[in-house]
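First the structure, in the form of structure tokens, and then the observations on it.
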Amino acid sequence: MASGKSVKDNIFKFALKNALDYGKAIDGAVISKAIAAYPSLKSDMKGLVAEVRRAVSEVNAMGATELEKAFARYADEFEAIEVKKAIDSAKHRFFIEGVEEGKFVTRFPPEPGGYMHIGHAKPVFIEEELKRLYNGKSMLYFDDTNPDNERQEFVDAFHDDLKWLGAGFDGEYYASDNLPKFYGYAEVAIKKKKAYVCTCEAEKINKGRAAGVSCGHKKQSVKKNQELWQEMLNNKFDDNEAILRLNSDMKSLNTTLRDPTLFRIKKVPHYRQGTKYWVWPTYDFCTPIMDSINGITDVLRSKEYEMRDELYFIVLDILELRKPRITSFSRLEISGNATSKRTVRRMIAEKQVSGWDDPRLVTIRALRRRGVRPDAIRQFALSFGMGKAESSVSIEMLLNINRKLVDKDAKRLFFVVEPVEVGIGNIPKGLEHVRIDLHPSGDLGHREYDIENTVYIAKEDARALKKGDTVRLKGAFSIKMGVKNGAKLSATFTDEKKEGMPTIQWVSRGNYSEGKLLMINDLLSGEEFNKDSMYTINGYVEMHAGRLAEGDIVQFERIGTFKFDSKKDMSFISL
């Protein structure tokens with residue numbers, strides 16, 4: 001076999017990766033990886049097998065900590081390979097029939113009635129992939145014609161979250177800046193007998209649409225509709241007293257076509273337009289117009305809108321406007337959580353969650369606070385491609401991707417849950433001072449502590465120990481347990497080494513502070529708010545945690561990965 005150092009190094013890396021993925025390196029799996037990387041090795045299978053067995057034997061002899069430390073040197077390299085593989089495998093899933101290079105223009109159309117959430121991320125990243133593929137453009141379009149719930153706060157939040165995600169746009173526009181144009185198009189529809197003013201009460205309208213029964217206003221003359229429309233514009237009606245409806249098919253099997261509302265009256269001040277307007281178009285009327293007049297070639301949206309596609313094209317046909325192409329895909333739905341703005345607003349109002357950044361939510365703001373990185377959200381969102389198969393996935397899938405990304409930067413620290421005091425006697429001089437790496441790679445530095453005869457260990461560990469048991473204090477030395485003295489334990493230093501000796505975390509007297517872990521579960525249990533969606537674990541965190549910056553990611557040994565949320569109360573959010 002070729003004896004080049006790079007070949008042997010790669011075989012060793014393959015063995016490390018195989019051991020980490022499956023608990024133990026296997027000869028056959030490593031041989032396959034080696035041949036894929038170096039096809040010429042097939043000419044000397046005997047030499048290859050010998051080298052693989054040597055590497056596998058060395059790797060399998062390592063303990064867990066030693067294995068993790070050895071692999072850390074190559075983590076970036078393997079991560080780059082995995083990312084490239086994911087991108088390459090996904091390319092075939094991002095495609096639209098008939099698109100020509102350089103002639104692709106799409107838009108991302110949020111309504112600023114709440115904060116951006118994980119469901120928005122999927123179309124944003126799909127649009128970016130297609131924009132890159134077709135050398136096209138993407139626009140940011142705020143669908144802001146519902147003054148009841150829209151706020152500048154939400155516009156600003158979308159800007160901030162999109163920037164954090166790394167999403168870029170080639171232009172930006174607002175529906176509410178185009179009210180005079182919409183009024184003009186409404187008059188065209190009225191003149192063509194394709195729209196009429198209805199003054200029926202909402203309950204009657206809803207019952208009529210459900211039953212497929214028209215009201216008397218459908219037969220009004222063009223002149224009468226023009227007069228009533230002008231009265232709407234001239235402020236002659238109050239809220240909900242008159243609407244402009246599409247004159248369509250009240251017997252249609254597609255219920256969205258049963259004379260839907262095109263304009264309604266809302267006299268609350270608008271965040272952007274103030275009190276300038278009170279007659280507002282619905283999404284079904286203004287969005288196809290905005291897409292057409294702004295040069296959008298391709299509309300990308302979740303399949304929940306498919307029933308409205310026909311209505312979209314009917315509006316454009318009536319107004320004789322250019323038709324964009326519509327491509328639908330499944331929406332991204334997280335099980336046990338809520339993305340509905342109405343639902344989240346209610347939960348905030350009822351103080352079930354603290355705000356739009358509550359770490360139990362899946363708003364981008366909440367995920368940022370929890371410690372999820374933009375690249376993790378991108379990988380997660382794109383992993384579903386453009387298929388239409390509906391599915392509800394666990395947030396754990398996103399968190400697993402994120403943990404892999406943050407692992408190389410996450411300092412390893414100790415957090416002792418329900419601490420129990422242990423007095424240690426007979427510590428040899430010099431061993432009472434310990435120095436522990438902050439990461440298996442050693443690249444993140446270390447921390448140093450004096451044990452001074454007293455440590456605190458977790459109550460769960462203390463319960464499992466009895467007199468005469470030996471246990472290793474991670475990063476320090478081993479102790480033999482003595483008798484219990486009330487709530488305290490006693491122990492003595494020992495240099496005894498036993499197969500399978502447990503290793504536990506600890507903090508020493510004077511080198512800890514009180515801290516708390518915020519543990520996150522699903523926000524919803526079925527359709528109801530889960531009262532156990534967040535709970536607190538109290539304990540002692542080692543003093544080095546005070547040197548962290550808020551937002552840093554840490555891994556508490558044997559507990560999990562957390563984001564440092566607040567120095568004020570030393571709180572950490574589970575990740």
Anything over 28 Å Cα to Cα? Flag those among 194/267; 408/467; 24/488; 474/563; 251/323, in the order listed.
408/467; 24/488
Shape category assigned to the range 187-245 from the gyration tensor of Cα positions, a/c cut at 1.5
oblate
Potential extension, residue 443-residue 65 segment - 0.36 nm per residue separation minus Cα distance:
134.6 nm
Once normalised by the length of the range 333-408, the mean sequence separation of its alpha carbon contacts under 8 Å that are 6 or more apart gives a contact order in percent of 32
Summed residue charge, Cβ within 12 Å of residue 470's Cβ, Lys/Arg positive, Asp/Glu negative
+2
Using +1 on the beta carbon of Lys and Arg, -1 on that of Asp and Glu, and nothing else charged, what's the dipole of the range 333-408 about the Cα centre, debye to 20?
280
Cut-off 15 Å between beta-carbons: net charge of the residues surrounding residue 418, Lys and Arg +1, Asp and Glu -1:
+1
For the chain, give the magnitude of the charge dipole about the Cα centre (Cβ charges: +1 Lys/Arg, -1 Asp/Glu; no others), in debye to the nearest 20.
600
Would you work out the relative contact order for the chain, in percent, from Cα pairs under 8 angstrom that are 6 or more residues apart?
11
Kirkwood Rh, the range 122-179, all Cα pairs: how many Å?
12.7
Pairing the Cα long axis of helix 152-165 with the longest principal axis of the chain, what angle in degrees results, from 0 to 90 and rounded to the nearest 10?
50
Pairwise FRET efficiency - residue 538 versus residue 57, Cβ, R0 = 56 Å, nearest 0.05:
0.80
Please give the length that would be gained between residue 254 and residue 317 if that part of the chain were fully extended, namely 0.36 nm times their separation in residues minus their C-alpha to C-alpha distance (nm, one decimal).
20.9 nm
Out of the trypsin sites (Lys or Arg not before Pro) in the range 165-202, which ones are loop residues according to DSSP with at most 16 other C-beta atoms within 10 Å?
192, 193
Going by C-beta contacts inside 10 Å, put 345, 369 in order with the fewest on the left.
345, 369
Tell me whether the range 333-408 comes out rounded, prolate or oblate; compute the Cα gyration tensor, take square roots of the eigenvalues as a ≥ b ≥ c, and use a/c under 1.5 as the rounded threshold.
oblate
Spelling it out for residue 331: with amide H atoms placed in the peptide plane at 1.01 Å from N, the residues 5 or more places away or on another chain with amide H under 5 Å from its amide H are 303, 304
With unit charges on the beta carbons (Lys and Arg positive, Asp and Glu negative) and the dipole taken about the Cα centre of the chain, which residue among 336, 445, 485 sits farthest to the positive side?
336
Please give the FRET efficiency for residue 392 paired with residue 152, using the beta carbon to beta carbon distance and R0 = 35 Å, rounded to the nearest 0.05.
0.60
State, to one decimal in nm, how far the label point of residue 101 lies from the label point of residue 6, with both points 7 Å from Cα in the Cβ direction.
3.1
The relative contact order of the range 411-574, taking Cα pairs under 8 Å that sit 6 or more residues apart, comes to a percentage of 25
Which of 359, 145, 211 sits farthest toward the positive end of the charge dipole of the chain, with +1 on the Cβ of Lys and Arg and -1 on the Cβ of Asp and Glu?
211
List the GluC sites (Glu not before Pro) within the range 394-473 that DSSP assigns to loop and that have no more than 15 neighbouring Cβ atoms inside 10 Å.
452
Taking +1 at the Cβ of each Lys and Arg and -1 at the Cβ of each Asp and Glu, which of 415, 175, 506 sits farthest along the dipole of the chain towards its positive end, judged by Cα position relative to the Cα centre?
175
Tell me, what HN-Hα J-couplings in whole Hz come from the Karplus equation 6.51 cos²θ - 1.76 cosθ + 1.60 at θ = phi - 60° for each residue of the range 390-397, using x for Gly and Pro?
6, 7, 10, 10, 7, 4, 4, 4
Over the chain: helical MRE at 222 nm, DSSP H runs n ≥ 4 each giving -39500 (n - 2.57), nearest 500:
-11000 deg cm²/dmol
Using the Cα centre as the reference, give the magnitude of the dipole from point charges on the C-beta atoms of the range 5-89 (Lys, Arg: +1; Asp, Glu: -1; all else neutral), rounded to the nearest 20 debye.
300
With DSSP loop assignment and no more than 13 other C-beta atoms within 10 Å, the trypsin sites (Lys or Arg not before Pro) in the range 451-485 are 466, 467
Anchor residue 303: lysines whose Cα lies under 16 Å away (excluding residues fewer than 8 positions away in-chain)
122, 388
Grab the beta carbon distance between residue 207 and residue 351, set R0 = 41 Å, and tell me the FRET efficiency rounded to 0.05.
0.65
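Just so you know, all these numbers are worked out from the coordinates, no wet-lab data involved. Since this is a predicted model, take the numbers as computed values, not measurements. Positions of Cβ are backbone-derived with ideal geometry, glycine not excepted, and every protein chain shown enters the neighbour counts.
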